[in-house]
Amino acid sequence: MTYIDGCVLAVPTANKEAYRKMASDASAVFVRHGALAFLEGWGEDVPQGKVNCLNSAVLKKQDETVMFSWIVWRDRAARDAGNSAVMADPDLGGAGMEKPFDGSRMIYGGFEHLLGDAMTAPGVFDATVMPVPAARKVEYKAAAEKMAALFIEHGAVSVVDSWGDDVPEGKVNSFHTAILRKPDEAVVLSWIGWKDAAAQAAGWEKIMADPRMAEFSPANVGTQMGRMIFGSFKPIVVA
């Protein structure tokens, strides 16, 4: 399986075009150094949570929009080498480049690709980050495969699950703080891709009415669903 870098950040809504251009330019650099796919998703529906949420994960301000993005690599070695090369590439703009967002609140990490087609670029997607007991990885993958098949049956074009492998602790925030992770838990990053918003709405209606959802729920393998964070996004950069 491939390897996935996941990222969540907040961008001033007024800077959408400036961010899109920066990300588009950056995608060419990542692809040059081995990335197989690069996607930036702009928040369309990111709900506020009672306990935690994607908004609190990146300390979102009122005038900002949450982004959910990923980069796909051949494997962990290609990812490590690629990121090192990208950071040294002058076309990225260098460490002093002015960015249209606050990079100190960006959260990121490397994830082992568990299942699904990570190369398909959806028209819109639902993204989640959740805590799963680290000791139940095999059980989680088996449940996730069954749930993915259910989503595909109801119109999803892709369902991807990935398991935290290289997820750093942040000085300000991180994937760990985002889901209030406990020491015996892993960070799981996932997304469900749809052709468009109409397919997404129709698919979710069918999913929520399907009794098999209860059978395949991640909660059955110890996932603390109350700390799962999620939102809906539309790609603005695909490479």
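The values are calculated or read from the model by the stated rules, or taken from the named source; none is laboratory data. These numbers come from a predicted model, not from an experiment. So basically every Cβ, Gly included, is an ideal-geometry build from the backbone, and we count neighbours across all protein chains shown. Please note that ligands, DNA and RNA were not included when accessible areas were found on the heavy atoms of the full protein model with its side chains. Shrake-Rupley method; radii C 1.70, N 1.55, O 1.52, S 1.80 Å.
Within the set ILE207, ILE179, the sole residue that is under 21 Å from PRO122 (Cα atoms) and either among the aromatic types (Phe, Trp, Tyr) or touching a residue at least 12 places away in the same chain (Cβ under 8 Å) (or both) turns out to be ILE207. Among the candidates ALA28, ALA88, ALA35, the residue that is open to solvent by 20 Å² or more (accessible area, probe 1.4 Å) and at pLDDT 95 or above is uniquely ALA28. Checked against the criterion of being of a type outside the set (Asp, Glu) and open to solvent by less than 10 Å² (accessible area, probe 1.4 Å), the candidates GLY203, GLY222 yield just one match: GLY203. Based on this model, can you work out whether GLU153 counts as charged (D, E, K, R) and in contact with a strand residue (DSSP E or B) (Cβ under 6 Å, 6 or more places away or on another chain)? Taking the combined requirement at face value, the residue does not satisfy it. For the stretch 166-192, a residue qualifies if it is in a loop (DSSP other than H, G, I, E, B), open to solvent by less than 10 Å² (accessible area, probe 1.4 Å) and either under 23 Å from LEU115 (Cβ atoms) or of a type in the set (Lys, Arg) (or both), and exactly one does: ILE179. Here the stretch 114-142 is the region considered, the condition is being more than 22 Å from SER232 (Cβ to Cβ) and not aliphatic (A, V, I, L, M), and the residue that is least open to solvent (accessible area, probe 1.4 Å) is TYR140. Taking the criterion of being within 25 Å of VAL187 (Cα to Cα), outside any helix (DSSP H, G or I) and not hydroxyl-bearing (Ser, Thr, Tyr), the residues of the stretch 198-229 that qualify are GLY222, GLN224, MET228, ILE229.
Of the listed requirements (1) open to solvent by 80 Å² or more (accessible area, probe 1.4 Å); (2) at pLDDT 95 or above; (3) closer than 25 Å to ILE229 by Cα, VAL46 misses just one: (1). Considering the stretch 225-239, the residues that are open to solvent by 20 Å² or more (accessible area, probe 1.4 Å) and within 22 Å of GLY49 (Cβ to Cβ) include one that is modelled with the lowest pLDDT, namely MET225. The single condition from (1) within 27 Å of ARG105 (Cβ to Cβ); (2) assigned to a helix (DSSP H, G or I) that VAL237 fails is (2).
When we screen LYS99, LYS50, LYS60 for residues that are part of a loop (DSSP other than H, G, I, E, B), basic (Lys, Arg) and in contact with a strand residue (DSSP E or B) (Cβ under 7 Å, 6 or more places away or on another chain), the only hit is LYS60.
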